[in-house]
Each structure stands twice: as C-alpha cells, then as structure tokens.
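The values are calculated or read from the model by the stated rules, or taken from the named source; none is laboratory data. Since this is a predicted model, take the numbers as computed values, not measurements. Cβ atoms come from the backbone with ideal geometry, glycine included; neighbour counts cover every protein chain shown. For the accessible areas, the whole protein counts, side chains as well, though only heavy atoms, and no ligand, DNA or RNA atoms are used. Shrake-Rupley method; radii C 1.70, N 1.55, O 1.52, S 1.80 Å.
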Amino acid sequence: MPGNFQLSPDLLAEEVRQAAELGLGGVILFGIPDTKDGVGSDAMSGFGIIPQALRAAKEAAPELLLVTDVCFCEYTDHGHCGVVAEAGGRVDVDNDATLKMLGQQAVAHARAGADMVAPSGMMDGMVGAIRGRLDADGLSHVPVMSYAAKYASASYGPLREAAECSPQFGDRRSYQMDPAAAAGQAIREVELDLAEGADIVMVKPALPYLDIIRQLHDHFPGVPLAAYNVSGEFSMVEAAAARGWVDRKAVALEWLLSIRRAGASIILTYWAKDVARWM
Ligand code: PBG
Ligand code: ZN
C-alpha cells in the first residue's frame with residue numbers, strides 16, 4: 001500500500017506527534033501482533049500490540065484522539081473477523097461466540113487509553129455487546145464508532161495486504177453487506193446500531209456508496225456520520241498519479257469534498273496528513 005507502513009510503538013510515537021501538530025481530528029490504530037492464532041488471543045490481552053501502541057501514543061501526543069479498530073482478522077491465523085466454527089457442513093464465523101471476545105478486546109483497548117473504539121467486523125449485536133462490557137467495567141465514557149454499513153467491497157485489498165488480514169479461506173460475505181442490497185438495509189443496520197448505543201455510525205467504503213451516505217444523512221438528522229475512504233480508493237489515485245495520469249492533490253481534494261457533500265461529517269482517509277498540509 002503506497003506510502004503506508006507497519007509501525008512499531010516507538011515509531012508510532014513520532015507519527016502521532018506529527019498528526020497532532022498537523023491538527024488532525026484523531027488517528028485510528030490497527031494492530032498486527034507477532035503471533036496469530038485461532039481465536040486472536042493478542043487482541044484481548046492488556047499487553048497486546050494495541051495496548052502497547054496506545055500507551056506509547058498517549059505519552060507522545062496526550063491531546064490527540066486515539067481510536068482503535070476492534071476486530072479479529074489481523075489477529076487470527078485464518079484471517080476472519082471472529083472465531084470460526086463448523087455449522088451445517090461449512091466453516092464460518094461464529095457470530096455469537098465472537099461478541100463476548102469483542103467486549104474483551106474493547107475493554108483492553110479502553111483500559112490502555114483508547115478514547116474511542118470502532119468495531120469493524122459487522123457481527124450482529126457487536127455494538128450492544130461492546131457497550132455492555134465497557135459500561136460494566138466503568139468505561140461508560142468511551143464512545144463507540146460503529147462500522148455500521150460496511151460492504152463486502154472489492155476495494156479493501158491494499159489494507160488487507162498492509163495489515164496482513166486477508167481471509168485464508170472463503171470471503172467476508174456472510175458478515176459484510178451485499179453491495180447490491182437496497183439502501184433500506186443500510187438504514188436498518190444503522191437503526192440497530194443506534195439502538196444498541198452507537199455514538200457515531202460509519203459507511204464504508206465511501207465513494208461507491210455516496211448514495212448511502214446521503215440517504216443516512218437525511219434519514220438520521222443529527223447523528224454523527226463517518227465515511228471511510230478506503231485503501232483501494234486511495235491506492236488507485238496514488239498509482240495513477242505516479243504515472244502522471246492524474247493530479248494527486250486535485251483528485252484527492254475533489255473526492256474528499258464529494259464525501260463531505262454527500263453528508264459525512266467525519267472522514268477517515270489515508271490522505272489526512274496531506275490534506276492538513278494542503279489546507
Ligand atoms: C478489518 C478491516 C478492513 C478494513 C478496515 N478494517 C478489511 C476488511 O474488512 O477486509 C479495510 C480498510 C481499507 O481498505 O482501507 N475488519
Ligand atoms: Zn476484520
């Protein structure tokens with residue numbers, strides 16, 4: 001993934017210092033553990049890679065908002081977003097067994113200094129499970145930003161390579177949304193997440209789903225709406241710009257503007273530092 005690297009906690013410290021100096025609204029951390037296993041143990045440990053990273057980042061940039069991606073695909077050896085089990089003759093993610101583990105992961109992050117947690121696995125009930133565990137552990141002040149309408153997109157490839165989280169068998173279509181689904185499905189997903197206590201809801205990817213962003217914006221006035229400008233969207237522009245086919249800065253700004261115009265009030269983008277400099 002062009003210009004994006006795995007960082008150890010010591011290098012992360014320098015990165016978040018820059019992010020804070022540039023005035024970014026925050027950063028989101030994805031953890032890549034030394035060892036993966038069937039249940040993604042590192043993700044639930046208070047000494048895992050994300051708690052280590054959070055402590056280093058908080059020390060380096062105490063005022064910067066630290067968000068953590070809460071999922072299991074980077075931590076499991078099979079690369080799925082939860083634990084897997086056989087059911088009806090096929091191996092698939094065990095939604096309900098994963099919920100308890102998501103709660104543990106969120107608590108580990110919040111205790112280590114995460115200012116907000118962002119579950120990205122599209123498990124049914126994930127927001128409620130996380131909210132319940134955080135509240136029970138005295139962490140009711142930590143908000144949840146839910147990847148509420150996350151589609152089984154073809155645009156996640158560069159991130160999956162960078163974060164070593166490709167599924168080793170099958171795909172994610174049993175838990176992520178069907179790109180062909182009518183917009184009503186996204187509305188129902190958001191309704192459920194809000195009822196379970198989500199503070200911010202997200203649409204992902206952003207650009208092929210600007211219609212969804214617009215409809216959610218109109219349907220849920222006042223609800224903070226985030227959009228994730230994903231790795232494939234970013235990398236296509238970087239590749240074309242490297243060949244001299246497009247003007248990187250002009251295209252990036254135009255694309256991000258379109259996400260804003262569609263109704264997102266928060267944008268997650270790999271261009272964040274560039275945009276802060278340009279603006
Ligand atoms: C993992 C996760 C993915 C992304 C964010 N969190 C990959 C996936 O769902 O396969 C994609 C982000 C991007 O492509 O920029 N749950
Ligand atoms: Zn995942």
Go through region 159-192 and give me each residue that's over 18 Å from the mean Cα position of the chain (by Cα) and either among the hydrophobic types (A, V, I, L, M, F, W, C) or surrounded by 20 or more Cβ atoms within 10 Å (Cβ to Cβ) (or both). PHE169, ALA180, ALA181, ALA182, ALA183, ILE187, LEU192
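For every residue, the table says whether it meets (1) part of a loop (DSSP other than H, G, I, E, B); (2) modelled with pLDDT of 95 or more; (3) of a type in the set (A, V, I, L, M, F, W, C).
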site: ALA154; (1), (2), (3): yes, yes, yes
site: ASP211; (1), (2), (3): no, yes, no
site: ARG214; (1), (2), (3): no, yes, no
site: ALA226; (1), (2), (3): no, yes, yes
site: VAL237; (1), (2), (3): no, yes, yes
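Against the definition (part of a helix (DSSP H, G or I) and away from ligand 1 (no atom under 16 Å from the Cβ)), how does LEU102 come out, yes or no?
On the way: part of a helix (DSSP H, G or I): yes; away from ligand 1 (no atom under 16 Å from the Cβ): no.
No.
Looking at region 193-219, which of the residues that are of a type in the set (A, V, I, L, M, F, W, C) and either open to solvent by 30 Å² or more (accessible area, probe 1.4 Å) or within 16 Å of ligand 2 (Cβ to nearest atom) (or both) is nearest to the chain's Cα centre (by Cα)?
Filtering region 193-219 down to residues of a type in the set (A, V, I, L, M, F, W, C) leaves 194-195, 198, 200-203, 206-207, 210, 212-213, 216.
Checking which are either open to solvent by 30 Å² or more (accessible area, probe 1.4 Å) or within 16 Å of ligand 2 (Cβ to nearest atom) (or both) leaves us with 194-195, 202, 207, 210.
Working: LEU194: 17, ALA195: 20, MET202: 9, LEU207: 16, LEU210: 18 Å.
The extreme case among them is MET202.
Within region 191-204, can you find the residues that are of a type outside the set (D, E, K, R) and touching a helix residue (DSSP H, G or I) at 6+ places or on another chain (Cβ under 6 Å)?
Within region 191-204, GLY197, ALA198, VAL201, VAL203 qualify.
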Of the residues in region 58-94, how many are buried (at least 19 other Cβ atoms within 10 Å of the Cβ), in a strand (DSSP E or B) and within 16 Å of ligand 2 (Cβ to nearest atom)? 7
Mind listing whichever residues of region 45-55 are more than 16 Å from ligand 1 (Cβ to nearest atom) and either closer than 22 Å to LYS150 by Cβ or surrounded by fewer than 20 Cβ atoms within 10 Å (Cβ to Cβ) (or both)? SER45, GLY46, PHE47, GLN52, ARG55
List every residue pair whose Cβ atoms lie under 6 Å apart, where the two residues are 6 or more positions apart in sequence or sit on different chains, the first residue falls within region 132-157 and is polar (S, T, N, Q), and the second residue, located anywhere, is assigned to a loop (DSSP other than H, G, I, E, B) and open to solvent by less than 20 Å² (accessible area, probe 1.4 Å). SER146/ALA198; SER153/PRO205; SER155/PRO205; SER155/VAL230
Tally, over region 123-152, of residues that are open to solvent by 20 Å² or more (accessible area, probe 1.4 Å), touching a Lys or Arg at 6+ places or on another chain (Cβ under 9 Å) and of a type in the set (Gly, Ala, Ser): 3
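I need a count of the residues in region 111-124 that are more than 17 Å from GLU196 (Cβ to Cβ) and either part of a helix (DSSP H, G or I) or within 16 Å of ligand 1 (Cβ to nearest atom) (or both).
Total satisfying the criteria: 2.
Can you say whether PRO33 is within 16 Å of ligand 1 (Cβ to nearest atom), at pLDDT below 95 and of a type outside the set (Ser, Thr, Tyr), as far as the supplied structure shows? Don't jump to the end; show me each part of the working.
Details: within 16 Å of ligand 1 (Cβ to nearest atom): yes; at pLDDT below 95: no; of a type outside the set (Ser, Thr, Tyr): yes.
Spelling it out, it is not the case that PRO33 is within 16 Å of ligand 1 (Cβ to nearest atom), at pLDDT below 95 and of a type outside the set (Ser, Thr, Tyr).
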Matching residues, region 171-186, being of a type in the set (A, V, I, L, M, F, W, C), part of a loop (DSSP other than H, G, I, E, B) and within 13 Å of MET122 (Cβ to Cβ): ALA181
Residue tally, condition crowded, with 21+ Cβ neighbours inside 10 Å and either in a loop (DSSP other than H, G, I, E, B) or within 16 Å of ligand 2 (Cβ to nearest atom) (or both), over region 239-269: 2
Return only the number of the condition from (1) at pLDDT below 95; (2) on the phi > 0 side of the Ramachandran plot that PRO2 does not satisfy. (2)
